[in-house]
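Mind having a look at this structure? Questions to follow.
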Amino acid sequence: MKQFYLDSLDPDDISRPNGQFLGFPTLLEEAKMVFFPVPWDVTTSYGEGTARGSQAIIDASVQLEPTDYHVFEAWKMGHYTLPVNADILAKNDKIRIIAKRIIDYQEAGGHHQDQQIEKDLNEVNHSSEQLNQWVYEETISLLKQNQLIGLIGGDHSVPLGLMKALTEKYSHYGILQIDAHADLRNAYEGFTYSHASIMHNALQFSAISHLIQVGIRDFSEGEKKQAKADQRVQWFTDWELKEKAYQGYVWADQCQEIINCLPKQVYISFDVDGLRPEFCPHTGTPVPGGLDFNQAIYLIERVVKAGKTIIGFDLCEVSPDLNNPDDEWDANVGARLAYKLANFMLASQSATSF
């Protein structure tokens, strides 16, 4: 299938489910970007189900419109979707049971350093390390093919392998994180690669020069101290953003303040709980407050218009309603976010496509 076939696609036609995002007919070798699903939520500490999020997003995407208000003829850009890996999902379900046993033990009064759970904890951490290595190997291979990557989780622990792969392609880059949480905990609950530890782990890579955290409103004292101690970290908490808005400071000016902290090359890490809970009510750790959907889109649009290059992204913590499979609201929102992130990423590579 050649690029001319994409050029001839009718954006007014229906989308036909074929396992690809939005039913696009692109082949991998002709795509400019790849959606990479990672069905893993082993260390989820509250609500679970986000391991099913990536498939739910792909399934829901076929009812989206290919036309993107912000990006000209986005459907021609070449999006490809890797299949959800059934072996990874099966391993997730097995290891999640062990992790849940560890969490229950601690909630009953135990400690993650207790000998009673040492074997189980080692197994979870080893499995999570293997998952990170798999993500790294898959993404480094795609990067060598000059593909742009949008990782679709899964919980927020899963992008670490992609972040590592990007450090081998770029000498330095910054992370723009939209999230309710700082995710700076060191091995939360004993899990080295906890979803609550992703940014602590990411900051171990010296190539990550900036971590700009937007919308956070739930953090520990230790995380606050770490953020203050690391000059790479800049917080734009939801409290501060709202306070400025209440005082008449418009969102466009606040976005510019955020953008001024970013380097040229930007990786976007989007935890869906960075949005207000009504947008994804079944996410694992919802927190009151947060960004409006269009606020987040406007921020990313302004990042691109400021001349920044988006080198990759992840969208994590979208969880379908496990008790009501017919409720696709969370997946609908996730699919729209994923498409916007992909299109903005592609547009940022060339001013002519924006």
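Give me the dipole magnitude in Debye, nearest 20, for segment 199-254 about the Cα centre, with unit charges on the beta carbon: positive for Lys and Arg, negative for Asp and Glu. Before the final figure, lay out the partial values.
On the way: 7 positive and 8 negative charges, 22 e Å.
Here segment 199-254 has a charge dipole of around 100 debye.
Among the listed pairs Lys100/Lys228; Lys224/Lys244; Lys169/Lys225, which are separated by more than 28 Å between their Cα atoms? Walk me through the numbers on the way to the answer.
Numbers: Lys100/Lys228 32 Å; Lys224/Lys244 21 Å; Lys169/Lys225 31 Å.
Long pairs (Cα-Cα over 28 Å): Lys100/Lys228; Lys169/Lys225.
Next question, about the same structure. Given a Förster distance of 25 Å, report the FRET efficiency between Ile98 and Gln133 from their Cβ-Cβ distance, rounded to the nearest 0.05. Before the final figure, lay out the partial values.
Numbers: r = 19 Å, r/R0 = 0.76.
Once rounded, the FRET efficiency stands at 0.85.
Please report how far the C-alpha centroid of segment 36-80 lies from that of segment 132-152, rounded to the nearest whole angstrom.
Computed from Cα coordinates, the inter-centre distance equals 16 Å.
I've got another one for you. Taking Cα atoms of segment 3-353, Rg/Rh with Kirkwood Rh, to two decimals? All intermediate terms of the calculation are to be shown ahead of the outcome.
Values: Rg = 19.3 Å, Rh = 20.3 Å.
Result: Rg/Rh = 0.95.
Take the Cβ-Cβ distance between Cys261 and Gln106 as r, set R0 to 41 Å, and report the resulting FRET efficiency rounded to the nearest 0.05.
Working: r = 36 Å, r/R0 = 0.88.
After rounding, the FRET efficiency stands at 0.70.
So what are segment 38-177's ellipsoid semi-axes, whole angstrom, largest first, if each one is the square root of 5 times an eigenvalue of the alpha-carbon gyration tensor?
Numbers: eigenvalues 216, 69, 35 Å².
So the equivalent ellipsoid measures 33, 19, 13 Å along its semi-axes.
Still on this structure, I have one more. Can you give me the pair-distance distribution of segment 114-257, C-alpha pairs, 10 Å bins, whole percents?
Over segment 114-257, the share of Cα pairs per 10 Å bin runs 11, 35, 33, 17, 4, 0 percent.
Same structure, new question: Taking GluC sites (Glu not before Pro) as candidate sites, keep only those in a DSSP loop with at most 16 other Cβ atoms within 10 Å, then name the longest stretch of the chain containing none of them. The partial results should precede the final answer.
Details: sites that count: Glu73, Glu278.
Looking at the chain, 74-277 is the longest stretch - no exposed GluC sites (Glu not before Pro) with at most 16 other Cβ atoms within 10 Å.
Return the lysines within reach of Lys94: Cα separation strictly under 27 angstrom, same-chain partners fewer than 8 residues apart disregarded; answer none if there are no such residues.
Lys119, Lys164
Here's another thing I want to ask about it. Quick one: order Phe35, Phe191 by neighbouring beta-carbon count within 10 Å, fewest to most.
Listed from fewest to most nearby Cβ atoms, that is Phe191, Phe35.
Here's another thing I want to ask about it. According to a simple spin-label model (label point 7 Å from Cα along Cα-to-Cβ), what is the distance in nm between Glu30 and Lys305?
Those two pseudo-labels are separated by 3.4 nm.
Kirkwood Rh, Cα Rg: Rg to Rh for segment 165-226?
With Rh from the inverse mean 1/r over Cα pairs, Rg/Rh is 0.98.
Now for a separate question. Using the count of nearby Cβ atoms within 10 Å as a rough guide to exposure, how do Leu148, Leu337 rank from fewest to most? Show your work: numbers first, answer last.
Working: Leu148 22, Leu337 25.
Going from least to most buried by this count: Leu148, Leu337.
If you average the alpha carbon positions of segment 290-338 and of segment 186-205, how far apart do those two centres end up, in angstrom?
First find each Cα centre; the distance between them is then 23 Å.
Tell me, what is the FRET efficiency for Asp321 and Tyr46 to the nearest 0.05, using R0 = 25 angstrom and their Cβ-Cβ distance as r? Walk me through the numbers on the way to the answer.
Values: r = 15 Å, r/R0 = 0.61.
My answer for the efficiency is 0.95.
About the Cα centre, and with charges only on the beta carbon of Lys, Arg (+1) and Asp, Glu (-1), how big is the dipole of the chain? Nearest 20 debye, please. Don't jump to the answer; show the numbers that get you there.
On the way: 29 positive and 49 negative charges, 233 e Å.
With Lys and Arg at +1 and Asp and Glu at -1, about 1120 debye.
Values quoted throughout were computed directly from the atomic coordinates according to the rules given, and no laboratory measurement underlies them. Just so you know, these numbers come straight off a predicted model, no measurement behind them. So basically every Cβ, Gly included, is an ideal-geometry build from the backbone, and we count neighbours across all protein chains shown.
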